[in-house]
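Computed from the coordinates by the stated procedures, all read-outs in this text should not be read as laboratory data. Predicted model, so just to flag it, every value in this text is computed and none were measured. Methodologically, a virtual Cβ is constructed for each residue, glycine included, from the backbone with ideal geometry; neighbour enumeration extends over all protein chains shown.
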Amino acid sequence: MKKKTFVYVCLGSCGAVVSERRYKAGLKKCGAESCNMHGSPLAKREVID
Ligand SMILES: [Zn+2]
């Protein structure tokens with residue numbers, strides 16, 4: 001059975017990948033202070049597997 005899953009990614013220099021579970025728990029922005037997109041919203045990506 002196929003289930004769609006998503007991750008949330010930072011498009012800046014840190015390249016962070018956040019699980020949907022952590023995103024829903026409140027991690028909706030890049031938190032890496034050294035990142036050039038620190039504080040920017042994460043982008044939703046579908047996971048194909
Ligand atoms: Zn970042």
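Counting only Cα atoms, I'd like the Rg/Rh figure for the chain, Kirkwood definition for Rh.
1.03
Calculate, for residue 34 and residue 2, the FRET efficiency according to 1/(1 + (r/R0)^6) with r their C-beta to C-beta distance and R0 35 Å; round to the nearest 0.05.
Here the calculated transfer efficiency is 0.40.
For a test of understanding, tell me how many lysine pairs in the chain have Cα atoms under 19 Å apart, given they are 8 or more places apart or on different chains.
So the count of such lysine pairs works out to 8.
Please turn the phi angles of the stretch 33-47 into ³J(HN,Hα) values with the Karplus equation 6.51 cos²θ - 1.76 cosθ + 1.60 (θ = phi - 60°), one per residue in order, whole Hz, x for glycine and proline.
Karplus-based 3J(HN,Hα) across the stretch 33-47 equals 5, 7, 7, 6, 10, 3, x, 7, x, 7, 9, 7, 10, 7, 9 Hz.
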